[in-house]
1. What aspartates and glutamates sit close enough to Lys117 to cross-link, taking a C-alpha to C-alpha distance under 12 Å and skipping anything fewer than 8 places away on the same chain?
2. Quick query: amide H of Ile131 versus all other amide H atoms, modeled in the peptide plane; which residues come in under 5 Å with a sequence gap of 5 or more or a different chain?
3. Could you tell me which of His297, Leu255, Pro322 has its Cα farthest along the dipole of the chain towards the positive end, charges placed at Cβ (Lys, Arg +1; Asp, Glu -1), taken about the Cα centre?
4. I'd like the carbon and sulfur percentage of the solvent accessible area for segment 139-190, probe radius 1.4 Å, heavy atoms only, ligands and nucleic acids excluded.
5. Could I have the simple spin-label model distance between Glu60 and Lys226, label points 7 Å from Cα toward Cβ, reported in nm to one decimal?
6. Rounded to whole Hz and in sequence order, give me ³J(HN,Hα) for segment 282-295 from the Karplus expression 6.51 cos²θ - 1.76 cosθ + 1.60, θ = phi - 60°, writing x for Gly and Pro.
7. For the chain, what does the accessible surface come to per residue with a 1.4 Å probe? Please give it in Å².
8. Can you give the three extents of the C-alpha atoms in segment 78-220 along their principal axes, from longest to shortest, in whole Å?
Amino acid sequence: MSSLTLILLAAGSSTRFGLDVKKQWLRVGDQPLWQFVAEKFEKTKHFDKIIITSSSDDIEFMKNYADFTFIEGGSTRQESLKNSLCEVDTEFVLVSDIARSCISEEFLNEIISHIGKSDCIVPYLKVNDTIVYDDVTIDRDKVKMIQTPQLSRTAALKSALLQKEEFTDESSAIVANGGKREFILGESSAHKITRIDDLKEVPCLIPPSNDTLSGTGFDVHAFDDKGEMYLGGVKIESAYGFKAHSDGDVAIHALIDALLGAAGMGDIGMMFPDSNDMYKGIDSKELLKRVVTKLRHFGFVIVNVDLTIAAEKPRIGNYKLPMRKTLSAILNIESQRVNIKATTTEKLGFIGRGEGVGVIANANLKYFDWMRS
């Protein structure tokens, strides 16, 4: 068989999906959708290489899951495809969308059996209903609903994408560039997930795992004789603040690490490095908001959090309830699911000497259950 590369497009922002979670991060069991689709293709043994496009926000996290070739996509489908084609050195390339998740092996084999017969092999579906365009009824037998995967000669596709015009599929670009395409009958079960209701049309997907994912965080900050003190997002009446690159909210910093740990997303230093002046003096509540948004995009739901604040000073008993309310609003969970505890170290260590504060945090996550949407 001629050499063949697979490109899976997964760099979209899912703006039409209608949920906070990106559709490529919906879980199938405990796998994100993009990985589920990629491994289905991989098991067929048809491909010399599998390339997955990803947004700049997602790409590093994707690399934690699998060893495919990951390429940062562009602002459009066509830009993402052009970026990926730079990594293709095989004679033929198959391009599909992660959102078309239930492609059968029989359908894939049928497409590949036509390799080399045209510049582009294009599956399509017939239209069964009456079609009206611009208030005129047209012959539905002349209408084709185009699907992916599409199988192209790599050289023909690379050349076609040099055009300035934007195309919504590979075959249209190739034809506009003087190439030829061959249509083959598609598969209705290869339905594309565009909106939430489309999930009802993809029978191969199983519900997300019901596992609880737990993470811990630990952080300490020394006192500074200047500045203001913030703990758990609340201003503490104090004559001193914390030595820190940001506002020094040690409780939120520990909480962020716990959330990232539960999701397998590294730590606060990786996401918000103190070498970056962008975060100098930043409100830690803003950092937490960004983490919560990223967790939602990646298909996680926060179940509860628990923080233990160790300090000889200041006394924080009167601030526990405001902390719960502040953090619950950012985490988008009920305040009873945010627990704040205070303790001392019995005069031991730097905390016991009144030199700073330490915080241990725990967070529990679940996968977003798209079956209930």
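The values are calculated or read from the model by the stated rules, or taken from the named source; none is laboratory data. The structure displayed is predicted, hence computed values, not measured ones. Neighbour counts run over all protein chains shown; Cβ positions are idealised from the backbone, glycine included. Only protein heavy atoms, including side chains, enter the accessible area calculation; ligands, DNA and RNA are left aside. Shrake-Rupley method; radii C 1.70, N 1.55, O 1.52, S 1.80 Å.
1. Straight-distance partners of Lys117: Glu182.
2. Sorted by chain and number, the residues that satisfy this are Ile138, Arg140.
3. Sorting the options by dipole projection puts first Pro322.
4. Taking all protein chains in place, segment 139-190 shows 50 percent carbon and sulfur surface.
5. 3.2
6. 5, 5, 5, 4, 5, 4, 5, 4, 5, 5, 4, 4, 5, 4
7. Details: 18060 Å² over 373 residues.
Solvent-accessible surface per residue comes out at 48 Å².
8. Computed over segment 78-220, the largest-to-smallest principal extents equal 65, 41, 33 Å.
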